[in-house]
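The values are calculated or read from the model by the stated rules, or taken from the named source; none is laboratory data. Please read all numbers here as calculations on a predicted model, not as lab measurements. Cβ atoms come from the backbone with ideal geometry, glycine included; neighbour counts cover every protein chain shown.
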Amino acid sequence: MTSNEAENTAAEAMISVLRPGRLAAPLVLDSPHSGTLYPADFDPAQPPERYRRAEDMYVDELFGDAPALGLPLLKAHFGRIYCDVNRAFDDLDPSVLDDASGLALAPSAKARLGKGVVWTATPPDGAPLLARALPRAAYEARLARCWHPYHEALARLLNETRGSGQVFHLDLHSMQPVANAMHEDATDSPRPDIVLSDREGTSAAAGFLDAALAALDGLGFSVAINDPFKGAEILRRHGNPAAGVHCLQIEVNRALYMDVEAYGKTAQFGDTRRHMAVFLARLRDWCAGA
């Protein structure tokens, strides 16, 4: 491992931070859903070709030029359905556990679709993911091993990067080209090239969103704002524009770079990665002058 692939934490290399040689702007990136590691306690009732559909495949690679552009990139190595750090730690239906006594769980609509902090359903149709009830100890261990270290690492990185001023954050995701039965938007609804989200104006100052939108528009992408995604736990937990912490979520349409059924990269991957590098460079320059 090079010095650039730093900070493999005590969580047994479940996360890492790619750091630039020199920080060029107060802009942090994170890729929470591109991990492909499924630890031994993962006990799925579905084969990999089913449950891996939940991954934001290759997103860390799409934005992999970040360190060369002077920007740090935090990434999760564990699979999203194993522990979804973009959900609240208590976002779980208690019926999923073998013992939920005494736990104050608060399942959201996403958890009831099978997409809580531990997934219980498999896209695209919601087929059951777990072979049996999830042991309470396993749930708590995933929080300790994955969820808490990830959020702690992101908080540290934001604090380190901001210095005495503002800090900007781009939360990286991908989306299916059309909605499926496990999504909140209507099944079979087509998606644009990009969705930018700021939790309806609450996780970032408007100027940051405007800068990201202008950079993407200039590259010819179709972009929607807060539709169908508004941002979830990462933006809710870390975004605080009043305190100078500005967080945006970006969703990239998978049809721009991969075969969504065979899971392989397409010939368009290289072009899309180059476009994302240009986008990051333009956003970096805006953040440097903000």
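For the stretch 248-270, the criterion of being at positive phi, of a type in the set (Lys, Arg) and crowded, with 16+ Cβ neighbours inside 10 Å is satisfied by no residue at all.
Taking residues in the stretch 264-290 that are among the polar types (S, T, N, Q), and partners anywhere that are in a loop (DSSP other than H, G, I, E, B) and surrounded by 17 or more Cβ atoms within 10 Å (Cβ to Cβ), the pairs with Cβ atoms closer than 7 Å and at least 6 places apart or on different chains are Thr266/Tyr257; Gln268/Tyr257; Thr272/Tyr257.
Tell me, yes or no, whether the stretch 135-149 has at least one residue that is over 22 Å from Met14 (Cα atoms) and crowded, with 19+ Cβ neighbours inside 10 Å.
no
Residue-level check: of (1) in contact with a strand residue (DSSP E or B) (Cβ under 8 Å, 6 or more places away or on another chain); (2) under 19 Å from Asp84 (Cα atoms); (3) assigned to a loop (DSSP other than H, G, I, E, B); (4) not basic (Lys, Arg), Leu248 misses just (3).
In this structure, Gly114 does satisfy being in contact with a strand residue (DSSP E or B) (Cβ under 6 Å, 6 or more places away or on another chain) and at positive phi. If I filter the stretch 97-104 for residues that are under 24 Å from Glu251 (Cβ atoms) and buried (at least 17 other Cβ atoms within 10 Å of the Cβ), do I get at least one hit? Checking the stretch 97-104: not a single residue is under 24 Å from Glu251 (Cβ atoms) and buried (at least 17 other Cβ atoms within 10 Å of the Cβ).
Each row is one residue, and each column tells you yes or no for (1) modelled with pLDDT of 95 or more; (2) under 19 Å from the mean Cα position of the chain (by Cα); (3) more than 26 Å from Ala88 (Cα to Cα).
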residue: Glu184; (1), (2), (3): no, yes, no
residue: Arg191; (1), (2), (3): no, yes, no
residue: Asp198; (1), (2), (3): yes, yes, no
residue: Phe208; (1), (2), (3): yes, yes, no
residue: Val223; (1), (2), (3): yes, yes, yes
residue: Asn226; (1), (2), (3): yes, yes, no
residue: Arg237; (1), (2), (3): yes, yes, no
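Working carefully through the options Val85, Val96, find the one that is of a type outside the set (Gly, Ala, Ser) and more than 22 Å from the chain's Cα centre (by Cα).
None of the other options fit; the residue is Val96.
The combined condition, being farther than 25 Å from Ala179 by Cα, free of Cβ contacts under 8 Å to residues at least 40 places away in the same chain and surrounded by fewer than 19 Cβ atoms within 10 Å (Cβ to Cβ), is not fulfilled by Asp43. Inspection of the stretch 112-120 identifies no residue that is surrounded by 15 or more Cβ atoms within 10 Å (Cβ to Cβ), among the polar types (S, T, N, Q) and touching a residue at least 60 places away in the same chain (Cβ under 8 Å).
Determine if the stretch 86-95 includes at least one residue that is without any contact (Cβ under 8 Å) to a residue 12 or more places away in the chain and out of contact with any Lys or Arg (no Cβ under 9 Å at 6 or more places or on another chain). Let's see the steps before the verdict.
If we filter the stretch 86-95 for residues that are without any contact (Cβ under 8 Å) to a residue 12 or more places away in the chain, which is where we start, we get 95.
So of that shortlist, the ones also out of contact with any Lys or Arg (no Cβ under 9 Å at 6 or more places or on another chain) come out as 95.
Checked the stretch 86-95: at least one residue is without any contact (Cβ under 8 Å) to a residue 12 or more places away in the chain and out of contact with any Lys or Arg (no Cβ under 9 Å at 6 or more places or on another chain).
Residues that are in contact with a Ser or Thr (Cβ under 9 Å, 6 or more places away or on another chain) and surrounded by fewer than 23 Cβ atoms within 10 Å (Cβ to Cβ) were ranked within the stretch 76-93; the one that is nearest to Gly21 (Cα to Cα) is His77.
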